[in-house]
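So the structure is just underneath, and the comments pick up after that.
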Amino acid sequence: MIFAGVDVGSMSAEAVLMKDDEILAASVIVVKPNPVESATEAMAVALAEAGLSLEQIDYCVSTGYGREKIPFSDHNVSEISCHGKGAFWADPSIGTIVDIGGQDCKVIQIDAEGDLKDFIMNDKCAAGTGRFLEGIAKSFNVQVADLGQMALNGSDPVPINSICTIFTQFDAMCFLADGRSREDIALGVAEALAQRVNKLAGQVGISGKVCMSGGVAKNQAVVKAMEKVIGHPIQPLRVDSQVVGALGAAIYAAERYLKFDEVIENNCLDKAC
Amino acid sequence: MLLGCDIGTAATKAVLIKDDKLLHKVKVATNANPDDALQRVHAAFASEAGISATVIEQTAITGWGQQKVSAQHINANHMNCLAKAAVWSEPSARSALCLGAQQGIALSIGKEARLLDYRVSDKCANGAGKFLDVISEALGCTVEETAAIAELSTNDLSMSSQCAVFAESEVVSLVNAGEPVPDIMEAIFRSLIKNVATLCKRVRVKGPLVLGGGLMNNHRLVAILNDSIKTETAVFAQDPDYMAAVGAALLAKRGN
């Protein structure tokens, strides 16, 4: 039985294929102009990796942007539930997930079954999201993936006072002009990002063990800064943090498919009675 | 001859004033380097108007880069610059609004160009020039072209995002959904002006309200603002971009 999950974000799209509760393949691509194209491409990459075709998927759940429009998906689930489910699969001791994506950040609480209990997300302002890092990477002319290591080499973080993500880029440019090192700026940005997210976390609280999902969790300086501001260790996950949403979608696909089996079975029994 | 210079986060604007008359103006990119920007201002005055730095009696500087300039100058208070410049442009001015790249400022003005109250909005890009930079880039046009594009709008479209980052994504989705670009642009303008109008309300602006800052070169934005705040307005004489620079030059005269 092959189950699939696909998650379209603002910057990247991911797909995960599962068989017998194990990950067969996972993909991460840069988003296309529309969600359907992004989902299709992410799934094609994952299928190629697994040596499978779309027809071999038994059930597919989509999540993220345009999740109700993905033609090859059978069902859609909110990305908040998917991140909870995916993190829970990777580590059942997790109670709180800090998910930082390209344009959003969420603090998600899950129950003992990995189902959504409570959450909070940024819905008005992009402060404290991946865009924070994108802008800085652009200013430095480096890949966003290289910012984490750069920040870890910093020792004296610069103070980033702007709230707006768009203004942060200018702050970084000024610090550069003042002769501050890129390492100290990258570290300052990582700490500022963690502080913005912590404000959000304060509104919903932390329960159980904490992990991070989303692309920004790959930035180790942000992870360290998060640990410092929230006062809890961040559990490393055994899966790529960026595919946690798609993974959760694939798990929902399996749960839902097997639930239908049960329904059919029960109906048959009922009729037999 | 007096030099007034407004070193903004994006552009540095400078004017030369003699006997309260504007003689010459230049604009250069700040590039996060105020000292260098001021040098380029002097170079431009020399090459464009044949005016050398030696004939300038006093230099007054205002704006973001004010504290970062090492050359001899006096610092002019930004709010005071705007108040003086507003009255220089419109003698009966009772309030002023200046929309820069990263902030919006509204102030109310009393007798003799005296500053009575002011509010600064600098937390969110929506309401400032940067907002339009981000959206123009997403739509593949220049900021200068936006007014003419918005004027072609025929349908009211509503934007749900206020944040520049979210609005940028929403704009791309709207384009992909087949919405006409002029309608999107007009919706962006309305979103921006909504924030500006809130700022104006916070200082209870009264007419005549003098409008300055680079965004006020955009006649469509000015028209939407007029509709929204229903106050008598006047765009800063000459070029709204130079409002604070003119104010600085006027303050240089007083040796403030």
If we keep just the residues of region A:81-111 that are in contact (Cβ under 8 Å) with a residue 12 or more places away in the chain and part of a loop (DSSP other than H, G, I, E, B), which is nearest to residue A:208 (Cα to Cα)?
A:93
Return yes when residue A:208 is touching a residue at least 24 places away in the same chain (Cβ under 8 Å) and touching a strand residue (DSSP E or B) at 6+ places or on another chain (Cβ under 6 Å) and no when it is not.
yes
Considering residues that are surrounded by 20 or more Cβ atoms within 10 Å (Cβ to Cβ) and in contact with a Lys or Arg (Cβ under 8 Å, 6 or more places away or on another chain), the number found within region A:45-76 is 4
Under 7 Å between Cβ atoms, at least 6 apart or on separate chains: pull out the pairs that start in region A:150-164 with a residue that is within 14 Å of chain B (Cβ to nearest Cβ) and end on any residue that is among the β-branched types (Val, Ile, Thr).
A:158/A:185; A:160/A:168; A:160/A:189; A:162/A:168
May I ask you to list the residues in region B:99-125 that are among the small types (Gly, Ala, Ser) and free of Cβ contacts under 8 Å to residues at least 40 places away in the same chain?
B:110, B:113, B:125
Given the structure, is residue A:56 assigned by TED's automatic domain parsing to the domain that holds residue A:120 and of a type outside the set (Val, Ile, Thr)?
no
Some residue of region A:180-201 being assigned to a loop (DSSP other than H, G, I, E, B) and outside the structural domain of residue A:81 (by TED's automatic domain parsing):
yes
So residue A:190 passes all but one of these: (1) free of Cβ contacts under 8 Å to residues at least 60 places away in the same chain; (2) within 22 Å of residue A:116 (Cβ to Cβ). Which condition number does it fail?
(2)
Given the residues A:20, A:104, which is the only one that is surrounded by fewer than 24 Cβ atoms within 10 Å (Cβ to Cβ) and closer than 27 Å to residue A:204 by Cα?
A:104
Examine region A:127-137 for a residue that is in a loop (DSSP other than H, G, I, E, B), under 22 Å from residue A:245 (Cα atoms), modelled with pLDDT of 95 or more and polar (S, T, N, Q), and state whether such a residue exists.
no
Restricted to region A:25-49 and to residues being among the charged types (D, E, K, R) and touching a residue at least 24 places away in the same chain (Cβ under 8 Å), the residue farthest from residue A:215 (Cα to Cα) is A:49
Return only the number of the condition from (1) aliphatic (A, V, I, L, M); (2) in a loop (DSSP other than H, G, I, E, B); (3) modelled with pLDDT of 95 or more that residue A:163 does not satisfy.
(3)
Could you tell me whether any residue of region B:220-230 is within 14 Å of chain A (Cβ to nearest Cβ), more than 18 Å from the chain's Cα centre (by Cα) and surrounded by fewer than 20 Cβ atoms within 10 Å (Cβ to Cβ)?
no
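The values are calculated or read from the model by the stated rules, or taken from the named source; none is laboratory data. Everything quoted here is computed from the prediction, not taken from an experiment. Please note: Cβ atoms are built from the backbone with ideal geometry, for glycine as well, and neighbour counts cover all protein chains shown.
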